[in-house]
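What follows is one structure encoded as structure tokens, with my remarks underneath.
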């Protein structure tokens, strides 16, 4: 933790004398430490967007005859996305047509 001098704004230095204290290197300000100084800052995590575009991206997509590996439903929606470089084939993403399942997988 970094503390600053309230009079001149310089960073306070730790001095380990008979008692722990923080002192300013340019002015006579001294801050005596009589208890443990602890602060915790937890960073806020960014919300992660779905790589596939979320639920909105699955509207108005085509369906094909392929068996769902989760519930064995005979049809699934599919989308093709270019996930690698241009010389690689497109990746096919599937979603089960069964509204109770809606399992996602890729080929």
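The values are calculated or read from the model by the stated rules, or taken from the named source; none is laboratory data. Not measured: the values here are computed from a predicted model. Don't worry about glycine lacking a Cβ; one is built from the backbone with ideal geometry, like all the others, and counts go over all protein chains shown.
Quick rundown of the values:
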read-out: Residue within segment 33-55 that is under 30 Å from residue 94 (Cβ atoms), in contact (Cβ under 8 Å) with a residue 12 or more places away in the chain and surrounded by 10 or more Cβ atoms within 10 Å (Cβ to Cβ) present; value: yes
read-out: Failed criterion for residue 11 (all others in (1) surrounded by 10 or more Cβ atoms within 10 Å (Cβ to Cβ); (2) within 19 Å of residue 105 (Cα to Cα); (3) under 34 Å from the mean Cα position of the chain (by Cα) hold); value: (2)
read-out: Residue within segment 32-45 that is in contact with a strand residue (DSSP E or B) (Cβ under 7 Å, 6 or more places away or on another chain) and within 30 Å of residue 2 (Cβ to Cβ) present; value: yes
read-out: Which listed residue is surrounded by 14 or more Cβ atoms within 10 Å (Cβ to Cβ) and at pLDDT below 90, from 21, 95; value: 21
read-out: Residues of segment 56-68 satisfying the condition of being more than 16 Å from residue 107 (Cα to Cα) and surrounded by 10 or more Cβ atoms within 10 Å (Cβ to Cβ); value: 57, 58, 61
